[in-house]
1. Under 19 Å from the mean Cα position of the chain (by Cα) and within 24 Å of residue 266 (Cα to Cα) - does that describe any residue in the range 186-198?
2. Can you tell me how many residues within the range 268-302 are outside any helix (DSSP H, G or I), modelled with pLDDT of 95 or more and surrounded by fewer than 24 Cβ atoms within 10 Å (Cβ to Cβ)?
3. Assess whether residue 54 counts as being touching a strand residue (DSSP E or B) at 6+ places or on another chain (Cβ under 6 Å), closer than 18 Å to residue 260 by Cα and in contact (Cβ under 8 Å) with a residue 24 or more places away in the chain.
4. If you check residue 135 against the conditions, is it assigned to a helix (DSSP H, G or I), within 23 Å of residue 38 (Cβ to Cβ) and in contact with a strand residue (DSSP E or B) (Cβ under 8 Å, 6 or more places away or on another chain)?
5. What are the residues in the range 63-73 that are modelled with pLDDT under 95 and either buried (at least 16 other Cβ atoms within 10 Å of the Cβ) or under 19 Å from residue 259 (Cβ atoms) (or both), if any?
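The values are calculated or read from the model by the stated rules, or taken from the named source; none is laboratory data. Keep in mind that what you see is a predicted model, and the values were worked out from it rather than measured. Glycine gets a Cβ as well: all are built from the backbone with ideal geometry, and neighbour counts include every protein chain shown.
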């Protein structure tokens, strides 16, 4: 494991190692046990998309690990003025021990990894959101005791979250069902991976997808960069809300996850959100612990 670019790159064993280390680091933090495993290390954090959870969790995580996080907006870098990504990668590699980038194009993350000489972490692209999905898997495992054999259901857009959850869930031997409107399917590369799996199903019916689910997950209908489509998406996704009807098809002890921010009354009702707020905010907290595990795996001593 040299980088974290997308869930497809990780093996089931690597995912398990990350989750086990995340559990350990969370336990140590809760019990006041210091773990300065990245003392003296620096992480450059490039943000071309705004963030709440990604920025704060990475900054706090590096601090708790004894390292230095450096925030770099696109306005702070020459990359925002047209410097080629490969040049930025070669320069930053001489200053930093690792790079986290939150941007639009997956190709930009891949280029940073190809041309730099330090680990690169995908903090989010339009294609993939591996840090969030590792936190989701960590949370599901906390609540359900195991991942293998559990049913994961995602309802909504075939976006970076659906792409990453499909891959992560199947790699961890979960049953994965997704529901999305026509025209909003996940990426073809993800379908090429998922369709041969007998544990994968895709439907246009949210209730069908949620049948017997251990966890139901959703996301906003219009992601960053899609605001101009918001009104059209509200119409197209009107039947894809996580509500009491959908959850009634799931298992009685179903948990609900949302990567946040949530638009109550759109992809999820106020009632469902508040009834499952503990799980959702445990999930948000676990971004910190899962990302710390990734940082240690990539930037720590062998």
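1. Yes, the range 186-198 has at least one match.
2. Initially, the range 268-302 is screened for residues outside any helix (DSSP H, G or I), giving 268-269, 276, 300-302.
Imposing the further condition that a residue be modelled with pLDDT of 95 or more reduces the set to 268-269, 276, 300.
Of the ones still in play, those that are also surrounded by fewer than 24 Cβ atoms within 10 Å (Cβ to Cβ) are 269, 276, 300.
Total meeting the criteria: 3.
3. Taking the combined requirement at face value, the residue satisfies it.
4. The answer is no for residue 135.
5. Scanning the range 63-73 gives a single hit, 72.
Residue by residue, here is whether (1) touching a residue at least 12 places away in the same chain (Cβ under 8 Å); (2) part of a strand (DSSP E or B); (3) over 30 Å from residue 170 (Cβ atoms) holds:
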position	(1), (2), (3)
8	yes, no, no
32	no, no, yes
36	yes, no, yes
40	yes, no, yes
58	yes, no, no
72	yes, yes, yes
76	no, no, yes
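Matching residues to (1) more than 16 Å from residue 290 (Cα to Cα); (2) at pLDDT below 95; (3) surrounded by fewer than 16 Cβ atoms within 10 Å (Cβ to Cβ); (4) within 23 Å of the chain's Cα centre (by Cα):
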| site | (1), (2), (3), (4) |
| --- | --- |
| 27 | no, no, yes, yes |
| 33 | yes, no, yes, no |
| 41 | yes, no, no, no |
| 44 | yes, no, no, yes |
| 54 | no, no, no, yes |
| 61 | no, no, no, yes |
| 81 | yes, yes, yes, no |
| 90 | yes, yes, yes, no |
| 97 | yes, no, no, yes |
